[in-house]
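J.: This is the structure, below, for whatever I ask next.
The values are calculated or read from the model by the stated rules, or taken from the named source; none is laboratory data. As the structure is a prediction and not an experimental result, all values here were calculated from the model. Positions of Cβ are backbone-derived with ideal geometry, glycine not excepted, and every protein chain shown enters the neighbour counts.
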């Protein structure tokens, strides 16, 4: 089986999901947004001062964001993500969407692997031929989110781990498979396949893509 793995932010989606979600939280729940914003200042500035690792900072921000849903029902949370997702499709990268559909026509198994929250990914790509979505799950317990519920943020080398877990025991033609990513943090996934594609890559990934003669989509 051949697979085609797509990152979401900066690859399929031209913008950043977290930025959109921050604005959406402010629009829908202003009081919750104020508490969330106040809670992220210390870890964010610690990261800027190079006192906090980037991966840890991102997971911390995602955790604090989802904590803003404390006490909301599952229905309210899913509706919130649905409304945010509907704002995304206009900012999809048309070239990447076209590639994704080509892979579907070629009977490749298509995955979205992203650190974005799973519910927003599910709604955002509902009209695309995607076989599997792996994102950051929102732990909902007994119909609502509880503040002490921890998340597992899908990022960096964790992407490779969850991909391998998803295909454990199956034969994958990695050499003839594809992966699309935009940042250096996607490198572990891009290195999995024989056909890595760098999509509008950041400087570090671009250097690697050029040195290894990978396809670059600008």
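J.: So which residues in the range 23-35 are within 20 Å of the chain's Cα centre (by Cα) and buried (at least 17 other Cβ atoms within 10 Å of the Cβ)?
T.: Passing the criteria: 24, 25.
J.: Counting only residues that are over 22 Å from residue 145 (Cβ atoms) and more than 23 Å from the chain's Cα centre (by Cα), how many does the range 46-72 have?
T.: Selection size over the range 46-72: 4.
J.: Within the range 157-180, take every residue that is touching a helix residue (DSSP H, G or I) at 6+ places or on another chain (Cβ under 7 Å) and more than 12 Å from residue 215 (Cβ to Cβ) and give me the one that is modelled with the lowest pLDDT.
T.: 157
J.: OK, next. Tally time: how many residues in the range 138-152 are surrounded by 15 or more Cβ atoms within 10 Å (Cβ to Cβ) and either part of a loop (DSSP other than H, G, I, E, B) or modelled with pLDDT of 95 or more (or both)?
T.: The number of residues fulfilling the criteria is 5.
J.: Output the residues belonging to the range 153-172 that are within 15 Å of the chain's Cα centre (by Cα) and assigned to a loop (DSSP other than H, G, I, E, B).
T.: Answer for the range 153-172, where residues must be within 15 Å of the chain's Cα centre (by Cα) and assigned to a loop (DSSP other than H, G, I, E, B): 153, 154, 155, 156.
J.: A follow-up question, please. Which ones in the range 173-191 are assigned to a loop (DSSP other than H, G, I, E, B) and out of contact with any strand residue (DSSP E or B) (no Cβ under 6 Å at 6 or more places or on another chain)?
T.: Hits for the range 173-191 are 173, 183, 191.
J.: When you look at residue 130, is it part of a helix (DSSP H, G or I), surrounded by 12 or more Cβ atoms within 10 Å (Cβ to Cβ) and modelled with pLDDT of 95 or more, yes or no?
T.: Here the answer is no, as residue 130 does not meet what is asked.
J.: Just to be sure before I move on: is residue 52 in contact with a helix residue (DSSP H, G or I) (Cβ under 9 Å, 6 or more places away or on another chain) and either within 15 Å of residue 155 (Cβ to Cβ) or without any contact (Cβ under 8 Å) to a residue 40 or more places away in the chain (or both) in the structure I sent? Spell out how you get there, then give the answer.
T.: Details: in contact with a helix residue (DSSP H, G or I) (Cβ under 9 Å, 6 or more places away or on another chain): yes; either within 15 Å of residue 155 (Cβ to Cβ) or without any contact (Cβ under 8 Å) to a residue 40 or more places away in the chain (or both): yes.
Against the criterion (in contact with a helix residue (DSSP H, G or I) (Cβ under 9 Å, 6 or more places away or on another chain) and either within 15 Å of residue 155 (Cβ to Cβ) or without any contact (Cβ under 8 Å) to a residue 40 or more places away in the chain (or both)), residue 52 qualifies.
J.: Condition test on residue 8, is it buried (at least 19 other Cβ atoms within 10 Å of the Cβ), touching a residue at least 24 places away in the same chain (Cβ under 8 Å) and closer than 25 Å to residue 141 by Cβ?
T.: Spelling it out, it is not the case that residue 8 is buried (at least 19 other Cβ atoms within 10 Å of the Cβ), touching a residue at least 24 places away in the same chain (Cβ under 8 Å) and closer than 25 Å to residue 141 by Cβ.
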